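Step one of this worksheet: look at the structure below.
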Amino acid sequence: IDRAGGVAQGMSGSPVFINGRLIGAIGYGWSLTDQRTAMVTPIEDMLKLLDPAPLKPAEPITEKPPAAEEVQNPVADKPLLATPLMAAGFGEQALRFLTRELKPLKLTPVAVGDPPAGIAYGELEPGSAVGVQLVRGDVSLGALGTVTYVDGNKLLAFGHPFLKRGQTGFLMTNAYIFTTIRGIESSFKLGATGEVIGTINQDRGAGVGGEMNQFPGIVPMRMKISSSDLSRDRDMAVQIVQDEEIMPILATASLLNALDKAIDRTGSGTARISFEISARGMPGETYKRENMFYSPENVSEASLAEFYEFLAFLASNPHNQVTVMDIQTEINVGPDRRTARVLSAKPLQLSTKPGESVDIEVKLKPYRGEPISRTVSYSVPKDQKPGLLNLTVRGGGFFSLA
């Protein structure tokens with residue numbers, strides 16, 4: 001405690017005893033203050049997470065409550081003793097994306113390394129470091145905290161919510177602590193999540209609760225990246241928690257990181273991306289998409305905008321719940337500029353009937369190349385009304401991840 005300058009982020013959940021009796025867990029504190037002062041979440045509130053039964057009706061109150069102006073609450077709006085989000089294996093661009101997208105959830109990724117190989121973690125007990133992992137595999141992303149109480153295979157930790165999701169299915173891991181970083185605003189533990197040992201199934205106001213040797217459903221994601229300028233392929237794989245709000249962010253960050261590691265550069269280029277997503281609750285249960293993107297500034301980010309938008313659409317669609325079961329992606333990227341300007345477009349026939357197709361000859365001027373012609377086909381809708389039909393021929397659109 002003295003070396004850390006007080007209670008550090010990641011110590012939340014540390015059990016507090018008075019006369020040998022557990023009273024609760026370190027859970028809250030203030031930044032830019034004396035960090036040796038912290039608040040305790042009562043163990044009575046945390047124990048409810050072990051058996052989250054419906055709450056009983058409140059007892060009737062006979063006394064008149066005080067007026068609002070008479071209530072003094074010195075710890076109102078108390079800041080949370082934040083849980084560090086350790087990011088192992090993520091590059092600079094993927095970390096920037098995670099930082100931006102996870103900011104509304106009050107999560108800030110911190111770049112760390114992998115834990116040393118061959119560690120004997122031992123069983124979790126009060127005071128042990130514990131992880132709540134969101135991504136595992138070739139990269140890892142997870143929060144660190146401390147175990148408060150263990151009852152058989154069940155445990156309580158953190159002393160405050162992680163994302164306050166209620167009933168959850170996060171990965172529970174043991175954890176390795178490298179050191180504690182002393183900070184001006186607040187100190188924090190620097191560590192890494194370890195082996196998966198169970199499920200964090202409760203994420204409530206008083207803390208998180210989980211069960212060891214029980215494992216949640218995950219989304220496997222496989223990524224194959226081909227880089228023409230380096231003449232090499234890179235295969236990576238991760239497993240992502242099934243949380244519809246953050247899964248699109250985590251999947252896109254993992255793919256962005258794989259792409260950056262494969263091409264080992266930033267800047268312009270052309271990328272051809274294909275992805276296949278299997279999901280329960282989606283018509284057909286499988287969606288395949290292939291497209292090509294060029295960016296003069298950041299080809300990695302430009303090529304993933306459509307992938308991110310589609311996952312976010314699945315997660316937030318208003319019709320029914322969709323559970324993503326599997327993601328497969330393949331990207332071929334190079335430094336060349338594979339773009340062209342549309343010079344003209346002319347239909348090969350001037351009249352047609354509803355339900356038939358019309359061929360359109362399009363003349364293109366490739367970047368630094370000679371003009372070429374391509375023929376594209378358009379199917380006239382069967383319910384098209386008689387008269388003039390205007391068609392627009394243009395290049396593909398572009399939208400950014402930012």
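Listing for the model above:
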{"item": "Solvent-accessible area, 1.4 Å probe, carbon plus sulfur percent, for the range 94-199", "result": "48 percent"}
{"item": "Debye intensity ratio in log₁₀ form over the Cα atoms of the range 158-238, taken at each q of 0.21, 0.22, 0.23, 0.24 Å⁻¹", "result": "-1.01, -1.05, -1.09, -1.12"}
{"item": "The range 168-178 - phi-based ³J(HN,Hα) in whole Hz, Karplus 6.51/-1.76/1.60, Gly and Pro as x", "result": "10, x, 7, 7, 9, 10, 6, 8, 10, 9, 6"}
{"item": "Hydrodynamic radius by Kirkwood, which averages 1/r over all alpha carbon pairs of the range 343-383, in angstrom", "result": "11.4 Å"}
{"item": "Residue-averaged 222 nm ellipticity for the chain, from DSSP H runs of 4+ at -39500 (n - 2.57), nearest 500", "result": "-3500 deg cm²/dmol"}
{"item": "Residues in the range 186-210 reached by a label modelled at Ala111 [backbone nitrogen below 19 Å; 7 Å Cα→Cβ]", "result": "188-193"}
{"item": "Set of lysines near Lys363 by C-alpha distance (under 22 Å), chain-local residues within fewer than 8 positions excluded", "result": "Lys346"}
{"item": "Interchain or long-range residues, amide H under 5 Å from Met11's placed H", "result": "Lys189"}
{"item": "Å² per residue, accessible surface of the chain at 1.4 Å", "result": "55 Å²"}
{"item": "Too-long pairs where the Cα-Cα distance tops 27 Å, listed order kept, from Lys103/Lys288; Lys261/Lys288; Lys103/Lys154; Lys164/Lys189", "result": "Lys103/Lys288; Lys103/Lys154"}
{"item": "Span per principal axis, largest first, for the Cα atoms of the range 296-402 (Å)", "result": "46, 44, 23"}
{"item": "Rg(Cα)/(2.2 N^0.38 Å) for the chain, N = residue count", "result": "1.26"}
{"item": "Spin-label proximity, Val362 to the range 294-311 - amide N less than 20 Å from point 7 Å beyond Cα toward beta carbon", "result": "294-296, 303, 306"}
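The values are calculated or read from the model by the stated rules, or taken from the named source; none is laboratory data. What you are looking at is a predicted structure, and each value in this text was computed from that prediction instead of being measured. In this analysis, Cβ positions are derived from the backbone assuming ideal geometry, glycine residues included, and neighbour counts consider all displayed protein chains. Note: accessible area is taken over every heavy atom of the protein model, side chains too, but ligands, DNA and RNA are not part of it. Shrake-Rupley method; radii C 1.70, N 1.55, O 1.52, S 1.80 Å.
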